[in-house]
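Asker: To start, I am sharing the structure in question, which I have written as structure tokens.
Since every read-out is calculated from the coordinates, none of them should be taken as a lab result. All values derive from a computational prediction rather than experimental measurement. With ideal geometry, Cβ positions are generated from the backbone for all residues, glycine too; neighbour counts draw on all protein chains shown.
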Amino acid sequence: MLKAGLTGSIAVGKSFVCGVFEELGCHVLDADQTAREVVEPKTLGLGLIVENFGESILQKNGQLDRKKLGELVFADESKRQLLNSLVHPLVKDKQDRWLKEKEIESPEGIAIVDAALMIESGGHTRFDKLIVVWCKPDIQLQRLMLRDKLSRKSALKRIESQMPQEEKMKFSDYLIETTDGFEATREQVEKVYFELKELAAE
């Protein structure tokens, strides 16, 4: 089975790209979804977060208040690093278990793990190929403000807290640019898919 990592900065269109890969028949795992699962109530992950950040980051129903935690960690680099050090190992374990299952299920297939911080955490080295999704910075900013209903200042703060896009692009085996919208992006995804399919067949 061919294992590909997929990454890119916030609000560049990774979800759409993953959706197209899935339509084409790839197995796709969304790391955001995995990150949510490892901090559900009664999990080790949530226990560790409460231990380090206090009970004030919980909602009344015991769920993690992601918005409150986000505001905390985006304002403080050391808190963000602490959070990542708690959550990343749990996410990585869950991804590895998923990859093993898919390998048994479809040895000839393509499995793609999508994670925003894959390069920063060093997780990209586990994959055969790395796909980096990107778009022009002004488009990224617009998309983020619109999607998360953020002010320009808050959106910029979030973008600047991540590794710059140009830096991520240096690690890529394949680049997919989403600046020009859905159809142009879909064409690029299909092209990458057929190349991955050939590699998986080898």
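Asker: Are there trypsin sites (Lys or Arg not before Pro) in region 132-190 that DSSP puts in a loop and that have at most 12 other Cβ atoms within 10 Å, and which ones?
Answerer: Within region 132-190, the qualifying trypsin sites (Lys or Arg not before Pro) (loop, at most 12 other Cβ atoms within 10 Å) are K149, K170.
Asker: Please compute the modelled spin-label separation between E40 and K79, points set 7 Å along Cα→Cβ, answer in nm with one decimal.
Answerer: Computed distance between label sites K79 and E40 equals 2.7 nm.
Asker: Give, as a single signed number, the net charge of other residues whose beta carbon lies under 15 Å from the beta carbon of T185, with Lys and Arg counted +1 and Asp and Glu -1.
Answerer: -3
Asker: How would the chain be classified by its alpha-carbon gyration tensor: rounded, prolate or oblate, with rounded meaning a/c under 1.5 and the a/b versus b/c comparison settling the rest?
Answerer: Taking the square roots of the gyration eigenvalues as a ≥ b ≥ c, the chain is oblate.
Asker: Determine the distance separating the Cα centre of region 7-51 from the Cα centre of region 71-87; give it in Å without decimals.
Answerer: So the two Cα centres are separated by 17 Å.
Asker: Oh, and also: Can you pull the three principal axis extents for the Cα set of region 90-144, in Å, largest first?
Answerer: Rounded to whole Å, the extents work out to 43, 25, 18 Å.
Asker: Here is a further query. Just rank M169, M1, fewest to most, by other beta-carbon atoms within 10 angstrom.
Answerer: Taking fewest neighbouring Cβ atoms as first place, the list is M169, M1.
Asker: I would also like to ask the following. Classify region 1-99 as rounded, prolate or oblate, taking a ≥ b ≥ c as the square roots of the eigenvalues of its Cα gyration tensor: rounded when a/c is under 1.5, otherwise prolate if a/b is larger than b/c and oblate if not.
Answerer: Prolate, because a/c is 1.5 or more and a/b exceeds b/c.
Asker: Would you mind ranking L44, L24 by Cβ crowding within 10 Å, fewest neighbours first?
Answerer: Going from sparsest to densest Cβ surroundings: L44, L24.
Asker: Select from the chain the helices, each a whole stretch of DSSP H, whose alpha-carbon atoms run 18 Å or more along the helix axis and whose Kyte-Doolittle mean is at least -1.0; answer none if there are none.
Answerer: 182-201
Asker: Further question: Only four residue types carry charge here, +1 at the Cβ of Lys and Arg and -1 at the Cβ of Asp and Glu. Report the dipole size of region 2-201 about the Cα centre in Debye, rounded to the nearest 20.
Answerer: 760 debye
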